[in-house]
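Trainee: The structure's right below; bear with me while I get my questions together.
The values are calculated or read from the model by the stated rules, or taken from the named source; none is laboratory data. This one's a predicted model, so the numbers in the text were calculated from it and none came from an experiment. Cβ placement follows ideal geometry from the backbone for every residue including glycine, while neighbour counts extend to all protein chains displayed.
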Amino acid sequence: MQSRRPTRQVVLGDERVGFVRIGGGKPTSRHPDATLESAPEHGGPAPVSVQTMTAGYTHDVDACVAEINRMAAAGADIVRVAVPERKDTEALKHILPQVSVPIVADVHFHFKRALEAVEAGVHKIRLNPGNITEREQVNEVIDACKAVGIPIRVGVNEGSIIERKDKQRRMVELGKFFADRGMGKRGHLMSIIIAKLEEYLDIFYERDFHDVTISAKSMDAAFVTTVYREISDRFDHPLHLGVTHAGPKETGTIRSIAALSGLLTQGIGDTLRISYANDPVYEVEDGLELLYSLGLRERKGADLIACPTCGRIQVDLFTLVQDVRQKLRSEVRVPMKVAVMGCVVNGPGEAEGADVAVFAGNKRGIIYVQGERVANIPEDEILDRLLKECLTFQERVEKGEAKLGEKVVDIVPPDPIGELGSGVEKIAAGDVERIGRPTNLTVGETR
Ligand code: SF4
């Protein structure tokens, strides 16, 4: 993993919702709020933040507030809302006092929506250079944001940028540069994006405005990787990563992770949104899990590991894992590692390092807490007992009586002859009662 690339830093938020810093390592942007100095680790590279966007109408105030609060509860650092109409920016005045995360107004086509959103007290504006192009209009938005000290995201999307015929010379120059790097047709698109960003950012620089983040999303994961690398080399603003129109969660996950994990491991990216055609809470959960998995954020809540199951399984593990996940999500605050393993053959080795673990056997499960065996119980009691052990362990951690990741004793696997009714000898002899692995499940389904 490369260290994070230094960028300017932008800060959004206020005293009530708190401040979220994006990027860092280069001179910090101007912010008129004196209380900003009290923001933690001010000036250094900030942890990569996770964003999402509401799916409902912003002018439906109660529903919008409920949606934002659900996202915040899932761990969203920043939430974006669409403001296509005057009634949406009007609604912002009522929404902002009722939420606990910084809000970004997503503005397309009508620069006046940006001015209204700033007046309503929004924490950041997103502009699309593809559809708000008039210099005077952009200047008005910049001046309004500068006056109240809020940043602007310049979001170039593959789907909405247009080739400017008046920038032919620069386009030819960039086109040759990318063609020489073997980018073919994609080089042409890259030329348009870079030329558009250069042209648009010049408007900001002319007004001495640098509180800018940049995004350049595409639905093509490989192109996203290339374009963000190029932008990172050319601009020192924090980058908002994302694969746009990634599709349903099932394929969108793969597309997003394919692009974003590569960039993040190269130190590129300061905030991100994973986009799905699904409940935005999944975007938050998966964005956080990506950052936890790469070691870029400190985990909040339990880290659940589970075996994929195989022909040795003798309990309904898929259902158990989903039930355990739901319970841990709502009841466990500390980042304990919890393992749910299908059998004793590989379970102890695979669960190495787990704070709380269960190894299933023939309709039974043995539970361990930091290597120490605490219960041998029937299948239908596993969920409740496992959760009870997790909560007791959490309490001990919070009281300082136990330490996360510490092994009290080495795990002693259950008796292989048959303590769980399915020891290796029985398995070897084929003398086990299996529940059979489900063969008729569709993706995402459990029995
Ligand atoms: S823990 Fe047991 S059931 Fe699960 S995958 Fe490994 S061998 Fe199979």
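Trainee: Just checking, does segment 391-398 include any residue being farther than 19 Å from Asp323 by Cα, without any contact (Cβ under 8 Å) to a residue 60 or more places away in the chain and surrounded by fewer than 16 Cβ atoms within 10 Å (Cβ to Cβ)?
Mentor: There is at least one residue in segment 391-398 that is farther than 19 Å from Asp323 by Cα, without any contact (Cβ under 8 Å) to a residue 60 or more places away in the chain and surrounded by fewer than 16 Cβ atoms within 10 Å (Cβ to Cβ).
Trainee: Name the residues in segment 328-378 that are more than 14 Å from the ligand (Cβ to nearest atom), among the aliphatic types (A, V, I, L, M) and in a strand (DSSP E or B), would you?
Mentor: The answer is Val338, Val356, Ile367, Val369, Val374, Ala375, Ile377.
Trainee: Counting only residues that are closer than 21 Å to Ala277 by Cβ, surrounded by fewer than 22 Cβ atoms within 10 Å (Cβ to Cβ) and of a type in the set (Lys, Arg), how many does segment 198-228 have?
Mentor: 0
Trainee: Another one. Does Leu115 qualify as being in a helix (DSSP H, G or I) and within 24 Å of the chain's Cα centre (by Cα)? Please lay out each step first, then the result.
Mentor: Details: in a helix (DSSP H, G or I): yes; within 24 Å of the chain's Cα centre (by Cα): no.
In short, no.
Trainee: Sticking with this one: Among the residues of segment 121-145, what is the count of those that are in a helix (DSSP H, G or I) and among the small types (Gly, Ala, Ser)?
Mentor: Step one: of segment 121-145, the residues in a helix (DSSP H, G or I) are 135-145.
Still in the list and also among the small types (Gly, Ala, Ser): 144.
Residues meeting the conditions: 1.
Trainee: Do we have any residue at all in segment 165-187 that's at pLDDT 75 or above and in contact with a Leu (Cβ under 6 Å, 6 or more places away or on another chain)?
Mentor: no
Trainee: Could you please let me know if Ala144 is of a type in the set (A, V, I, L, M), assigned by TED's automatic domain parsing to the domain that holds Glu85 and closer than 19 Å to His210 by Cβ?
Mentor: When the stated conditions are applied, Ala144 passes them.
Trainee: Continuing with this model, one more query. Name the single residue, out of those in segment 205-234 being among the aromatic types (Phe, Trp, Tyr) and at pLDDT 95 or above, that is farthest from Gln51 (Cα to Cα). Let's see the steps before the verdict.
Mentor: Here is the first cut: in segment 205-234, the ones among the aromatic types (Phe, Trp, Tyr) are 205, 209, 223, 228.
Of the ones still in play, those that are also at pLDDT 95 or above are 205, 209, 228.
On the way: Tyr205: 26, Phe209: 23, Tyr228: 18 Å.
In this case the residue turns out to be Tyr205.
Trainee: Further, regarding this structure: Are any residues in segment 299-314 part of a strand (DSSP E or B) and within 16 Å of the ligand (Cβ to nearest atom), and if so, which ones?
Mentor: Those that are part of a strand (DSSP E or B) and within 16 Å of the ligand (Cβ to nearest atom): Leu304, Ile305, Ala306.
Trainee: Which members of segment 344-381 meet the condition of being at pLDDT 85 or above and small (Gly, Ala, Ser)?
Mentor: Once the filter is applied, which keeps residues that are at pLDDT 85 or above and small (Gly, Ala, Ser), segment 344-381 yields Ala354, Ala357, Ala360, Gly361, Gly365, Gly371, Ala375.
Trainee: All but one of (1) outside any helix (DSSP H, G or I); (2) among the β-branched types (Val, Ile, Thr); (3) within 16 Å of the ligand (Cβ to nearest atom) hold for Ile382; state the number of the condition that does not hold.
Mentor: Condition not satisfied by Ile382: (1).
Trainee: For segment 217-230, does any single residue satisfy the condition of being farther than 27 Å from Phe109 by Cα, out of contact with any Gly (no Cβ under 8 Å at 6 or more places or on another chain) and small (Gly, Ala, Ser)?
Mentor: Looking through segment 217-230, at least one residue is farther than 27 Å from Phe109 by Cα, out of contact with any Gly (no Cβ under 8 Å at 6 or more places or on another chain) and small (Gly, Ala, Ser).
Trainee: Report yes if Tyr276 is touching a Ser or Thr at 6+ places or on another chain (Cβ under 9 Å), free of Cβ contacts under 8 Å to residues at least 60 places away in the same chain, assigned by TED's automatic domain parsing to the domain that holds Ile152 and part of a loop (DSSP other than H, G, I, E, B), otherwise no.
Mentor: Taking the combined requirement at face value, the residue satisfies it.
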